1. If the chain between L95 and V4 were fully stretched, how many nm would it gain, using 0.36 nm times the residue separation less the Cα-Cα distance?
2. With labels modelled as points extended 7 Å from the Cα through the Cβ direction, what inter-label distance (nm, one decimal) is found for L19 paired with L44?
3. Figure the gain on full extension for S105 and Q126 (residue separation times 0.36 nm, minus the Cα-Cα span) and round it to one decimal in nm.
4. Computed FRET efficiency, Cβ-Cβ of A34 and L66, R0 25 Å: what is it to the nearest 0.05?
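Nothing in this text is a laboratory measurement; each read-out follows from the coordinates by a stated rule. Nothing here was measured: the structure is a model prediction, and the numbers come from that model. As a convention, Cβ positions derive from the backbone with ideal geometry for all residues, glycine included, and neighbour counts pool all protein chains shown.
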Amino acid sequence: MSSVELVAAGVTLVVTVALGTVVHEGSHALALRAFGVPYELSWLPATADGETYHGLFGALASVRPLGVRQGSAPWSLRIAAMMPLCMSVPVVLMLAGVLPDPVASGNLVGTAAVIGWLACALPSPQDFSILWYADRAIRAQGDSLPS
């Protein structure tokens, strides 16, 4: 294993995680749009204190449902929260032998890409919060919306 291969794997991991994060948030937006729930998609969103962190330590994208009314189906928010799990389909196809498996072949760069992609396929803690408490989120946001 050469130093060039290690650097290439590191760069691949960073790029894959950045791309995967955008796809992760895009999958939330896609599901919300399919269910007719208005949402706000922010690129490089600011934190609560107004600072924007670029690079490795900040969010690249953020999706926030808007206008969720009382009586909206909580399952639509739950499905939208778990949509990033669909990003694991290519890995399942690799395990099934449909796609080539870079991990089994010992390709370090391909392995880094698979690890980064799977890391982004995991739902975030906020996603799990919406999964378990979608009805509370609808109630809380419904109370704060103008009539």
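1. Numbers: separation 91, 0.36 × 91 = 32.76 nm, distance 2.80 nm.
That works out to 30.0 nm of additional length.
2. Using points 7 Å along Cα→Cβ, the separation is 2.1 nm.
3. Answer, rounded to one decimal: 4.0 nm.
4. Details: r = 16 Å, r/R0 = 0.63.
Efficiency computed from Cβ-Cβ geometry: 0.95.
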